[in-house]
There are 2 protein chains.
Amino acid sequence: MTGPDTHAVKQFLLALQTNICAELEQLDGEASFKAESWQRAEGGGGTSRVLTQGKLFEQAGVNFSHVKGAAMPASATAHRPELAGRSFEAMGVSLVIHPNNPYIPTTHANVRFFIASKEGADPVWWFGGGFDLTPYYPFKEDVLSWHQTAADLCAPFGEEVYPKYKKWCDDYFFLPHRNETRGVGGLFFDDLNQAGFEQSFAFMRAVGEGFIQAYAPIVERRKALSFGEHERQFQLYRRGRYVEFNLVYDRGTLFGLQTGGRTESILMSMPPLVRWEYGFTPAAGSVEAELYEVYLKPQDWLQQA
Amino acid sequence: MTGPDTHAVKQFLLALQTNICAELEQLDGEASFKAESWQRAEGGGGTSRVLTQGKLFEQAGVNFSHVKGAAMPASATAHRPELAGRSFEAMGVSLVIHPNNPYIPTTHANVRFFIASKEGADPVWWFGGGFDLTPYYPFKEDVLSWHQTAADLCAPFGEEVYPKYKKWCDDYFFLPHRNETRGVGGLFFDDLNQAGFEQSFAFMRAVGEGFIQAYAPIVERRKALSFGEHERQFQLYRRGRYVEFNLVYDRGTLFGLQTGGRTESILMSMPPLVRWEYGFTPAAGSVEAELYEVYLKPQDWLQQA
């Protein structure tokens, strides 16, 4: 196993943040990102870039962070006890996009790199990341193109890669208390190092760069669709599920909040406006009901292509 | 220690739910509660009463539940390992009120009774509960009357009772990631059984009945105040903190969601409309800034009366 080139990873992540922001600004056509850099008392810091009240994007947040700590947090070593007590370094790009138009899905992407070190021992490092799509009014064409892009970027790394990370994504972005997936999934991977640094880094790059290739065509196809108050209200209601997932289950969010992360950057993922409604169920036979019945459960989309 | 009269507790709780709903309907003057009963697969059930789009109350939910299980959940026995493996019975009334007018505070109250049983051993039982107030535009008069009512109902049970449960409330309803209390507090108690069943039950009744006496005068004093879009937007923003607390920290919410409770009843506490805004801070010297600087930290209010 070759040693990790931390500097190269960081350069990639910073460029990825810049490139994704530029692509999103171009898609939006009106608003631009504002950047804010911050330091973390325990070590490291980051830059948060946020676009608000755009023509297409009600809010888009693209966060870079690089944090260091003297000891791995307990929550991060629960399933890897051999790492307890090591110092750590974590860097990543994380983004969440909340469009205005309910026909454009919400999306999330993340790529991250972790190193746990101690004197007199080789560093332990791994990559993680993925991207997932949360439509309100899904189009099968969009779901298929999203997953096809995911499958295509995985293909050079082995035929088992897409099915494995697609399933991990379905399993991870699941709300047990609603018995719903958060959306139509995508890719999720973690603990990636088995193939060595070069190959693992190459896969992380493919995921990071693949995100905008998967998302931009969907935005282009749906941005001109007109919608009314009914669709807007359903979007606001469904955004509540996003909040529920992120605050109750999402490991990254909880880890960040409970370890003194920068709250405003972590909660950039919260939708700008959200609605809850006691006892809401979509009308039988409606397009809203179809979301629940067809799209909010794991499916082998590419078998249907 | 006298044995617990479960039937009497249940009758009290059902009457309390009815009485509080009637008082809230009278306060609102327009809307009325709709009731929905539900069964729980593992045993027991409940009745949820919800008032929506009232004249004063955007949403008010008052929930009664009585659930049973064959084995205490692990999360409930973590700090009382001697109860592991016992069967349990839990009953309670829980309510959350989200007013329209930002000058009327949001509030939450809960009273509950728990019994853990096993064959050949005395049942272990205890009471818990409390109430707390979350103003957006606080009036000191309201905070003082709220705490005075709390102190008065505690007084017959000992002079240490109010300070103890007032502090517990401040400690419990705290958002570490914001370094803010959820509001101006009130009372919080748990594991109450030391004084025997009669006295413990009497205290729980005093808290349950004291809630509306503490809240109604505040509603009456503020309901006619006119407000504008600025105050409404700040209220929606601050409601985000309520969501953050309930989904990230509130034990009852997480326990319910993770043990197959009725999701719609548990999440009755979610505000009907909520806003997040990246990087928001109130203008220096504004009344909004005063909320943060004066009211969202623990204070000995009655010393200031």
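The values are calculated or read from the model by the stated rules, or taken from the named source; none is laboratory data. Quantities reported herein were computed from a predicted structural model and do not represent experimental measurements. Please note: Cβ atoms are built from the backbone with ideal geometry, for glycine as well, and neighbour counts cover all protein chains shown. Ligands, DNA and RNA are stripped out before the accessible areas are found, and what is left, the full protein with its side chains, is counted by its heavy atoms. Shrake-Rupley method; radii C 1.70, N 1.55, O 1.52, S 1.80 Å.
Between copies, A:Pro217 shows label-point distances of 6.7 nm, shortest first, with the point placed 7 angstrom from Cα along Cα to C-beta. Taking amide H atoms as placed 1.01 Å from N in the peptide plane, the amide H of A:Arg182 lies under 5 Å from those of A:Phe174, A:Leu175, each 5 or more residues away in sequence or on another chain. Here the gap between A:Asn193 and A:Glu42, fully extended at 0.36 nm per residue and compared with their Cα-Cα distance, gives a gain of 51.7 nm. Computed from the C-beta positions of B:Phe280 and B:Lys118 and an R0 of 41 Å, the FRET efficiency is 0.20 to the nearest 0.05. Each residue of the stretch A:118-126 is assigned a 3J(HN,Hα), and the resulting list reads 8, 4, x, 9, 5, x, 9, 9, 7 Hz, derived from the Karplus form 6.51 cos²θ - 1.76 cosθ + 1.60 (θ = phi - 60°), x at Gly and Pro.
Only lysine pairs 8 or more places apart, or on different chains, with alpha-carbon atoms under 27 angstrom apart are counted in the stretch B:111-231, and they number 5. Here the protein assembly as shown exposes an accessible surface that is 51 percent carbon and sulfur, computed with a 1.4 Å probe and the other protein chains kept in place. Largest first, the three principal axis extents of the alpha carbons in the stretch A:36-84 are 49, 23, 10 Å in whole numbers. Summed over the residues of the stretch A:6-303 and divided among them, the accessible surface reaches 40 Å² per residue at a probe radius of 1.4 Å. With its label point put 7 Å out from Cα toward Cβ, A:Asp190 sits 2.7 nm from the same residue's point in the other copies, in order from shortest.
What trypsin sites (Lys or Arg not before Pro) does the stretch B:1-78 have in DSSP loop regions with at most 14 other beta carbons within 10 Å?
Qualifying residues, ordered by number: B:Lys55.
Taking every alpha-carbon pair under 8 Å whose residues sit at least 6 apart, chain A reaches a relative contact order of 17 percent. Annotation: amide H of A:Thr259 has no partner in the under-5 Å range at sequence separation 5 or more or interchain, hydrogens built in the peptide plane.
Counting only alpha carbon atoms, the long axis of helix A:161-172 and the longest principal axis of chain A meet at about 70°. Its Kirkwood hydrodynamic radius, worked out from the mean inverse distance over all distinct Cα pairs, puts the protein assembly as shown at 26.1 Å.
With the highest mean first, a sort of the peptides B:116-122, A:57-63, B:165-171 on other beta-carbon atoms found within 10 angstrom per residue produces A:57-63, B:165-171, B:116-122. Around A:Phe211, with a cut-off of 14 angstrom between Cβ atoms, what is the net charge of the other residues, counting Lys and Arg +1 and Asp and Glu -1? Spelling it out: positives minus negatives among the neighbours equals -2. Taking 22 Å as R0, compute the FRET efficiency from the Cβ-Cβ separation of A:Glu293 and A:Gln233 and round it to 0.05. For A:Glu293 and A:Gln233, the calculated efficiency is 0.65.
Between B and A, roughly 2500 Å² of accessible area is buried in total, ligands, DNA and RNA not counted and the probe set to 1.4 Å. In this view, the solvent-accessible surface of B:Thr134, computed with a 1.4 Å probe and all protein chains in place, comes to about 10 Å². In this structure the amide hydrogen of B:Phe57, modeled in the peptide plane, comes within under 5 Å of the amide hydrogens of B:Asn100, none closer than 5 places in sequence on its chain.
Comparing the full protein assembly with the isolated chain (1.4 Å probe, heavy atoms, ligands and nucleic acids excluded), the residues of the stretch B:263-304 losing at least 30 square angstrom of accessible area are B:Thr263, B:Glu264, B:Leu267, B:Met270, B:Pro272, B:Leu273, B:Val274, B:Trp276, B:Tyr278.
Packing around the peptides B:276-286, A:193-203, A:94-104, taken as the average count of other Cβ atoms within 10 Å per residue, puts them in this order, highest first: A:94-104, A:193-203, B:276-286.
For the stretch B:136-153, backbone phi angles converted through the Karplus equation (6.51, -1.76, 1.60; θ = phi - 60°) give residue-by-residue couplings of 9, 10, x, 10, 4, 4, 5, 5, 5, 5, 4, 6, 5, 4, 4, 5, 5, 6 Hz, Gly and Pro being listed as x. Chain A has one residue whose beta-carbon comes closest to the axis relating it to chain B; that residue and its distance in whole Å are A:Leu247, 2.
Directionally averaged projected area (the stretch A:6-303, Cα convex hull): 15.4 nm². Converting phi to 3J(HN,Hα) with the Karplus coefficients 6.51, -1.76 and 1.60 and the offset θ = phi - 60°, the stretch A:47-54 yields 10, 9, 10, 10, 10, 10, 6, x Hz in sequence order, with x at every glycine or proline. Take B:Gln39, push a point 7 Å out from Cα through the beta-carbon direction, and compare it with the same point in every other copy: 6.3 nm, smallest first.
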